[in-house]
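Readers should treat all values here as calculations from the given coordinates under stated rules, not as data from a laboratory. Owing to the predicted nature of the structure, the values given are computational and were not obtained by experimental measurement. Cβ placement follows ideal geometry from the backbone for every residue including glycine, while neighbour counts extend to all protein chains displayed.
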Amino acid sequence: MSINSLPINIDDLLSQRWVEGERIEYKSGWNPESILHSICAFANDFHNLGGGYLLIGIEESEGRPVLPPVGLLPEQIDRIQKELLNLGHSAIAPQYHPLTAVYEIEGKQILVLWAPGGETRPYKAKVSLSSKKTEWAYYLRKHTSTVKASGDSERELISLAASVPFDDRYRQTARVQDLSPRLIRDFLSDVGSELEQEAGQLSTEALGRRMNIIGGPVEAVFPKNVGLLFFNSQPEQFFPATQIDVVFFPDGPGGDRFEEKIFNGPLDRITRDALDYINRNYLKQTVLKQPDQAEAERFWNFPLAAVEEAVVNAIYHRSYEIREPVEIRITADEFKVLSFPGPDRSIRLNDLQMGQAVSRRYRNRRIGEFLKELRLTEGRSTGVPKILRSMKANGSPVPVFDTDDERSYFLVSLPVHPQSQWLEVDTESPTEEKAPEVTPEVTPEVTPEVTPEVRLCRIIQGEMSRAQMQQALALKDTENFRKTYLLPALSAGYVAMTIPEKPTSSKQRYRLTDAGLALLHKEQN
C-alpha cells in the first residue's frame with residue numbers, strides 16, 4: 001500500500017531522535033531478498049517495539065544515515081512498489097504488506113517502508129528468492145541486525161502467535177466514528193507529521209488506516225484499542241478507570257483532610273494535564289542562602305524529571321483491562337505513583353532498585369510508540385534509571401520501587417528532599433533548633449545572585465521559541481536548558497506558554513508574564 005506521508009516526521013527518523021536505531025534500517029538500493037527478511041523481522045516484532053522502518057536510497061555508516069542520500073529514480077520507485085506487492089503475497093506468510101511513502105531529501109527521492117508489528121505473527125519468509133529453493137524461515141531483529149530465528153528464540157516467537165498486545169487489538173464494540181478526526185489532527189500537528197497536511201481531506205477510515213489505528217476488511221472495519229485510548233474524548237466508556245487520580249494529604253494519609261482531582265480523557269491529554277497540575281501545585285523549589293558561599297543552594301521537594309518519568313511509565317505500562325486507575329498520592333514526606341499490574345516476572349526487584357533491569361517485552365507497544373512520538377517517554381527501559389539520576393542530582397533520598405510476589409501492582413515512591421520546606425514556610429523567625437549553624441531561608445523572590453530564571457527573562461523579546469531562547473543563551477544542551485532555565489521559570493510564573501493547552505506543540509512560543517516583567521524591573525532598580 002502506498003501513501004504520501006507516514007504518521008511520523010522524516011527528520012525524526014533520520015536523526016533517530018524518537019525511533020531507536022534497532023527499528024531503522026538503511027539501504028542504498030533495492031535488494032529484495034535482504035529487504036524481505038527485514039520486513040519479516042519487523043512484522044514479527046519479537047520485542048514488541050512497534051515494528052520498524054526501512055529507508056531505501058540512503059547509505060549508512062556505523063548505523064547512521066549518510067547524507068545527501070544516494071536517492072532513487074521515479075521509475076525505480078514504481079518498480080520497487082510493484083515488487084513489494086508481489087513479495088507480500090508470495091514470499092511471506094501470512095501475507096503482509098508494509099506501508100510506503102516517498103520523500104525528497106536534499107534534492108533526492110527516497111522510499112520509506114513502515115513495517116508495523118503484524119497482528120497475525122509469527123511471519124516467515126522465503127530464505128532465498130531463487131526459483132530453485134523453497135526453504136522458509138522466521139526472522140527477527142537482534143539489535144540493529146536482521147537474523148534468522150533458531151532454537152529458543154524460534155520457539156518463543158511461535159508461542160506469540162495468539163499474543164497480539166491488547167493495545168493493538170481491534171475493538172469490535174466500537175465504530176470508526178468513535179475516533180475523533182480533530183484529536184488525530186492535533187496529534188499529527190504535535191509530532192510534526194507531514195500527514196497533517198492531508199488529514200483534512202481524508203476520511204477518518206483512510207486516515208486511521210494510514211496511522212494503523214484501525215483495521216479489518218472493508219466490510220468490517222474496527223478501531224484499535226490504541227486509537228480509542230488516544231483519539232476518543234471519553235476512552236473510559238470503552239476502558240473503565242482510564243484515568244489519573246491525584247490525591248494530596250496535607251496532614252498525611254491518616255489525616256481528615258485531603259484534596260483530590262481526577263483526570264479523564266485521551267491518554268496524552270490526561271498525562272500532560274496531570275503533570276501540569278502537579279507541577280503548578282505541589283512541586284516547590286527551596287533556596288538556601290549560605291553565609292560562607294556566593295551561590296545559594298537550590299533543590300526541589302520532588303524533582304520534576306523523576307515525577308514525569310514515574311507518571312508516564314505508569315500510563316505506558318499499566319493494563320487497560322484492569323479496572324483500576326493510576327493513583328498519585330502526595331504527602332509532605334513522599335510522592336507515590338501506583339499502577340496495576342506490576343513489572344514482568346522476568347525482572348528482579350533488586351535489579352529494578354539498582355536501575356539495572358532491562359525489559360524488552362513491553363505490555364503496550366503501540367501506546368509506547370505514540371508516547372515516544374509525543375516526546376513524553378524514551379522507552380528502552382530508561383525510566384527507572386532516569387528517576388534514580390534525577391533524585392540523586394537533586395540531593396534527594398533514593399526512590400523505592402515495590403511490587404508483590406504476584407506482580408499485581410507497581411508502586412514508585414519518591415521521598416521528599418530532607419531540607420525541603422514546601423508546606424509550612426517560616427522565613428520570619430527561624431529558630432536555632434532548626435538550623436544551629438546555617439539559617440535556611442526559602443526565597444520565592446529574586447535573590448542577589450543572577451539566577452537561571454533571571455538570565456532567561458533578560459533575553460526574552462516578545463514571543464520566542466525554545467530554540468531561539470536556547471540560542472540567545474548560547475546553550476547547546478537542550479535538556480539542560482529545559483531543566484535549569486525553562487521549567488523553573490515556568491514554575492515560578494515568570495514565563496508563560498502561548499499555547500498552554502498543547503505544551504509540546506511545534507508552534508509553541510514563550511513570553512514574559514507580568515511577574516517576569518516585575519522581576520526584571522526590580523533587578524534593574
* **Prolate/oblate/rounded call for the stretch 452-524, Cα gyration tensor, a/c under 1.5 rounded** => oblate
* Asked: What is the order of Trp114, Trp136, fewest Cβ neighbours within 10 Å to most?
  -> Trp136, Trp114
* Could you give the angle, 0 to 90 degrees to the nearest 10, between helix 32-44's Cα long axis and the longest principal axis of the Cα atoms of the chain? -> 50
* For the stretch 1-163: lysine pairs with Cα atoms under 25 Å, gap of 8 or more or different chains, count? -> 20
* To do: Please say if the stretch 224-301 is rounded, prolate or oblate, where rounded means a/c under 1.5 for a ≥ b ≥ c the square roots of the C-alpha gyration tensor eigenvalues, and otherwise the choice is prolate for a/b larger than b/c and oblate otherwise?
  => oblate
* **Proximal lysines to Lys284, defined as alpha-carbon separation beneath 18 angstrom and excluding residues fewer than eight positions away on the same chain** => Lys336, Lys392, Lys483
* Mind checking the dipole of the chain: about its Cα centre, +1 per Lys or Arg Cβ, -1 per Asp or Glu Cβ, Debye to the nearest 20? -> 1880
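Can you give the charge dipole size of the stretch 165-239 about its Cα centre, rounded to the nearest 20 debye, using +1 on the beta carbon of Lys and Arg and -1 on the beta carbon of Asp and Glu?
Using Cβ point charges on Lys, Arg, Asp and Glu, the stretch 165-239 gives about 200 debye.
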* To do: Please sort by residue number the GluC sites (Glu not before Pro) in the stretch 464-525 whose DSSP state is loop and whose Cβ has at most 12 other Cβ atoms within 10 Å.
  => Glu501
* Asked: So for the pair Lys507, Asp251, with labels modelled 7 Å out along Cα→Cβ, what separation do we get in nm?
  -> 4.9
* **Answer label for Cα extents along the principal axes in Å (calculated), chosen among [x] 76, 61, 44; [y] 74, 64, 52; [z] 90, 54, 43** => [z]
* **Phi-based couplings in Hz for the stretch 316-322 (Karplus 6.51, -1.76, 1.60; Gly and Pro marked x)** => 5, 9, 5, 9, 8, 9, 8
* Asked: Hey, if you put +1 on the Cβ of every Lys and Arg and -1 on every Asp and Glu Cβ in the stretch 171-299, which of Thr286, Gly216, Gln243 ends up farthest toward the positive end of that dipole?
  -> Gly216
* Starting from the Cα gyration tensor of the stretch 68-194, take the square roots of the eigenvalues, sort them a ≥ b ≥ c, and report rounded, prolate or oblate (rounded when a/c is under 1.5, otherwise prolate if a/b is larger than b/c, else oblate). => oblate
* Run the quick spin-label model on Tyr409 and Tyr277: label points 7 Å from Cα toward the beta carbon, then report their separation in nm to one decimal. => 2.0
* Positive end of the charge dipole of the chain (Lys, Arg +1 and Asp, Glu -1 on Cβ, about the Cα centre): tell me which of Gln419, Pro68, Leu338 has its Cα farthest that way. => Pro68
